[in-house]
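Read the structure below first, then the notes.
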Amino acid sequence: MESLDKTNALRLITLFSGAVKGISFYPASHPAIKQPLAELYGILEAALRLKEQVSWGLIDGMMFFEDHLFTIPSSAIADLTNQMTEKEIGRIVATSACSLEELEAFIKLFAVKGIHCDVLSRQMKEKGIAGLTLVRHGDESFDQANKPLEDDATDDHAKTYNQALSAVRTICRDIERGRIPNSGPLISIVDRMVQITMQEPWAMLGLTMINDYDNYTFNHCVNVGVLSMALGTSLGMDEKAIKDLGIAGLLHDIGKTMIPKGILNKPGKLSSTEFDEMKRHPELGSKIIREMKGLAPHISSVVLGHHIHYNRSGYPEWASNLPFSQMIDIVAIADTYDAITTLRVYQHPVNPNTALNQMQNMTNTILDGKIVGCFIEMMGNYPVGTLVRLDTNEVAIVYRPNPLNENAPLVRILFDDEGNRLPVPFEQALIEPDGSRYAEIVAVVDPLLKNIDIGKLVTSATL
Ligand SMILES: [Fe+2]
Ligand SMILES: [Fe+2]
């Protein structure tokens, strides 16, 4: 079903959070409240024209509006997250019965600090607010039909991926606030990721193709964790090592939380002073990890060494003679691959197999050649998420490797032979189990040319 786009959903959350803050300082008739409130109501009305009922709130500590998750810790989102957590509100549900006056009355009640969800619900009833209701955090009466897509129990892998995103985000938020992060939630989610990776290494690899432009940093951390674990599995490492690789991958860039945002998000080349500042992130990250409880010391060493390079020509320079385990080479390969294939403000994404070719040029200087070889083998000629043209002229996306023939992976056909987008893509083996041939891959297609969101296509349960 159609729903509000992400930009408007984010605007709604930001305005709601701002109105809650503002109403404590100004009367509702003040322009500083009146105008944003009118805009907020306008967006809510638009959302309710598309759907009878909409909701926003927290899932695994992360703010959502319908099926949009907001993982960037903006101050408006952080403020609202704190208030909802304090009040134990899981979600706010709005229906078309909600008037502007009701919304204003609700915001006034909501803005009062220290009021629990149940008390607030009672007050809303007393005020006659009918178009807005609250669902308490963890309440089982939670409307299943309106759960965000990411929480769909049938899509366990996507849920796990999102929980990992949430765990990394919480850790970064704690660091920003000067706290020592709790490693507990991260460790339990990595346990789950280890199980999935050891059973089906490709299941989570597909998720690393999600190009979330807004949430690059968190997605990158989780992707590096997923790719490192998959590579560790294909190198035959044991469960404990795979778990440590996952934790190190997820945390490899947390030191960036302490680097000024102006440097982190600067498009283009950094000045040498800025680059020196950026180069501190492995050291800062490893220091934080040493302070976190329950993490093995070598995890902090992997984070310290993830930019040291195979020939030790990287940074931090002072650490070049330290003994590092092979895990740094694994994480460095995962890091490089994800950085090359990701769409960023200043970077056109590179197709997976082009990225693998580029990585081959880095072997035995920046990256360990032997492990790059294993990585390439693991990813196959056409890694999951590659868009390909078949000799039938159809366009398809690779969604599962074929261990028996890496040139004939399982694909989903997206465009027919005349270039028409199929309403329902279908799965197809390029070579059937009985040996009969459906088609051959003739070229790799640029996803930007086809305006395709690879992540959705690989992971969507509806396909
Ligand atoms: Fe890094
Ligand atoms: Fe990185």
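The values are calculated or read from the model by the stated rules, or taken from the named source; none is laboratory data. Because the structure is a prediction, the values reported are computed rather than measured. No Cβ is skipped: glycine too gets one built from the backbone with ideal geometry, and neighbour counts run over all protein chains shown. The accessibility values were calculated without ligands, DNA or RNA, using every heavy atom of the protein model including side chains. Shrake-Rupley method; radii C 1.70, N 1.55, O 1.52, S 1.80 Å.
Here are some notes:
- Fraction of accessible area attributable to carbon and sulfur, the chain (%, probe 1.4 Å): 52 percent
- Long-range Cα-Cα pairs in segment 158-256 (distance over 22 Å), rounded percent: 22 percent
- Length released on extending from Lys269 to Gln195, taking residue separation times 0.36 nm less the Cα-Cα span: 22.6 nm
- Cα-centre dipole for the chain with unit charges at Cβ (Lys and Arg positive, Asp and Glu negative), debye to 20: 1580 debye
- Convex hull volume per residue, computed on the Cα atoms of segment 339-449, equals 107 Å³.
- For the residue pairs Lys87/Lys293; Lys87/Lys113; Lys6/Lys256; Lys34/Lys87; Lys87/Lys108; Lys243/Lys293, the C-alpha atoms sit more than 18 angstrom apart in Lys87/Lys293; Lys6/Lys256; Lys34/Lys87.
- Near-label residues of segment 305-330 by backbone N, under 19 Å of a point 7 Å along Cα→Cβ of Met258: 305-308, 315-320
- Sorted largest first, extent of segment 154-379 alpha carbons per principal axis (Å): 46, 41, 36
- Segment 6-139: C-alpha gyration tensor shape, a/c 1.5 cut-off, then a/b vs b/c: rounded
- Inter-site label distance for Asp434 and Thr85 at 7 Å from Cα along Cβ, in nm: 5.8 nm
- Local electrostatic count at Ala429 - Lys and Arg +1, Asp and Glu -1, tallied over other residues with Cβ under 13 Å: -1
- Distance (nanometres) between label positions extended 7 Å along Cα→Cβ at Ser29 and Arg179: 4.2 nm
- Approximating the spin labels as points 7 Å out from Cα along Cα→Cβ, the Asn405-to-Leu100 distance works out to 6.5 nm.
- Segment 266-377 shape via C-alpha gyration tensor axes, a/c threshold 1.5: oblate
- Net charge over other residues, Cβ less than 13 angstrom from the Cβ of Thr363 (K, R count +1; D, E count -1): -1
- Theoretical ellipticity at 222 nm over the chain - DSSP helices of four or more residues, -39500 (n - 2.57) apiece, nearest 500: -14500 deg cm²/dmol
- Here is the P(r) of the chain: all C-alpha pair distances, binned every 10 Å from 0, give 4, 19, 27, 24, 17, 8, 2, 0 in whole percents.
- What you get for segment 326-449, charging only the Cβ of Lys and Arg (+1) and of Asp and Glu (-1), is a dipole of about 300 debye around the Cα centre.
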